[in-house]
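The values are calculated or read from the model by the stated rules, or taken from the named source; none is laboratory data. Please read these numbers as outputs of a predicted model, since none were measured by experiment. Note: ideal-geometry Cβ built from the backbone for every residue, glycine included; neighbour counts use all protein chains shown. Quick note on the areas: whole protein, heavy atoms, side chains included, nothing else; ligands and nucleic acids left out. Shrake-Rupley method; radii C 1.70, N 1.55, O 1.52, S 1.80 Å.
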Amino acid sequence: MRTPRTARRAALLASGTVLTTLLAVSPVGAAGLPVVTATGETAALYDDEAGGDSDADDPAIWRNPADPGRSLVVATAKEGGLRVYDLDARLVQSLPAPQPPGEDDAPGRFNNVDLVSGLRTSAGRADVAVVSDRGSDRLRIYRVDPSQPGGPLTDVTDPAAAPVFSAGQSEINDQRTAYGLATWKDTSTGRTYALVSRRERTRLALLELVPAANGTVGYRKVRTLDLPSSFRLPNGTTWTPCLEPGELPQVEGMVVDPATGTLYAGQEDVGIWRLRADLTGKPALVDKVKEYGVPGTYDEETEECAPGTDPGYGGRRLAADVEGLTLFQERDGDGYLLASGQGDNTFALYDREVSEDNEYEGGFRIGAATDTLDSVEECDGAAVLNAPLGDRYPRGLLVVQDGQETPAVPDGEGGTRTATGFKFVDLGAVVDATGM
């Protein structure tokens, strides 16, 4: 059984293993949550023609075991492809998304990314980045080779890789395609998998990563599972989140706890699900978004939902959409599930232990460090690594997507360019501020 949080903090402080600058010295946000600031940020990405239709979405952190200070951050930029950054948030490599197969077909669009260490390939073991290509409904796999400093990632996707959900190109063009992604290595079998969600649907797929010819990597579908799209409320009514006609409440943020084989999946307008990573058994709803149960009417003119009266069945911590699920792992098996609430720009922390029913443990915000190193809004993806990363991040790193990068840049037509990016946050500062 887990030691109570306050007792654990006291023991850690007494042993001198964490700093004493905890919550009392942290600034507090408007919602009563502590505020931390970023230590660095990537150059802004612009979602327009001049910017290569690049839109920051999801990061992953690759730790260089031989030289942790030269670790890398791999991040998706949607139609802008894949970006690789060093720990100073400087661009190391840019990889384009695939071109559309035909003039009227959808181009490649990289949505989410996760990492696998020591994946078996026909050319030997390799660390790889696995990416969901929403544009082509496929996974793409990139080998990580730190001996190539200017281009550490190489595409090793099996050319025969098939669509994940779609029957053909016309269905791919509808873009109900591979969306959220998390990787998982089953320690009982040694097999490696990717869990993939489907855009605008509730379906999850379990794909086994398999070696193919010439060092490439493919995948095969093992099984699928559909999460609920409607929910029975305590007053006896049935509720479905208000979305565009034909859409179902989708999942994007996902992470697997490797110690237990537990998948956490963020259904954006519903909440966080806990289920077996092999997609068997019954899912459990860990926490609901605040908007859970609120009726809504879709307005075709504004393309938005007008909310009705809140019946009071929602959660108290997450404002939809729930995104950016990532896992803070501690050496003793403890740790936290971290999730971002896009609706109020906060991050929530949940106990990692299933036996504690993933109890809520607090949260934080990421505020502005300077006029140019701004705060984080509408975070869409996050990655945390609780391990030393050289002199710059000796206590680990948190990387988050920032949905509103500043300062604003004029678009030449009286507006501003849509700008996003990634913020790098000293994990030690988060630990100190929240008492994790």
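Numerical summary
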item: Whole-number accessible area per residue in Å² for the chain, which is evaluated in the context of all protein chains at 1.4 Å; result: 43
item: Residue-level accessible surface for Arg276, protein heavy atoms, 1.4 Å, Å²; result: 130
item: Fraction of antiparallel bridges per DSSP, the chain only, in percent to nearest 5; result: 95
item: Cα gyration tensor shape of the stretch 346-405, rounded if a/c is under 1.5, else prolate or oblate by comparing a/b with b/c; result: oblate
item: Relative pair counts by distance (%), Cα atoms of the chain, 10 Å bins; result: 4, 21, 33, 28, 12, 2, 0
item: Point-to-point label distance, Tyr313-Val35, nm (Cα→Cβ direction, 7 Å offset); result: 3.6
item: Per-selection Rg to Rh, the stretch 235-366 - Cα, Kirkwood hydrodynamic radius; result: 1.00
item: Unpartnered cysteines - no second Cys beta carbon under 4.7 Å - across the chain; result: Cys379
item: In nm, spacing of pseudo-spin labels at Val222 and Gln175 (7 Å Cα→C-beta vector); result: 3.1
item: Computed lengthening from Ser355 to Arg191, 0.36 nm per intervening residue step minus Cα-Cα distance; result: 56.4 nm
item: Solvent-accessible area, 1.4 Å probe, carbon plus sulfur percent, for the chain; result: 47
item: Rough spin-label spacing in nm, given labels placed 7 Å along Cα→Cβ, for Thr372 and Glu300; result: 4.9
item: Candidate lysines for bridging to Lys282, where Cα separation is under 29 Å - those fewer than 8 sequence places away on the same chain excluded; result: Lys185, Lys221, Lys290
item: Accessible area in the full protein assembly, largest first, 1.4 Å probe, for Glu356, Glu252; result: Glu356, Glu252
item: Solvent-free Debye scattering, log10 I(q)/I(0), computed from the Cα coordinates of the stretch 229-306 at q = 0.10, 0.22, 0.24, 0.27 Å⁻¹; result: -0.29, -1.04, -1.15, -1.30
item: Most to least packed among 78-89, 60-71 [average Cβ atoms within 10 Å]; result: 78-89, 60-71
item: Separation between Cα centres of the stretch 273-308 and the stretch 49-119, rounded to whole Å; result: 29
item: Farthest positive-ward along the stretch 111-241 dipole, Cα basis, beta-carbon charges - from Val128, Tyr179, Ser147; result: Tyr179
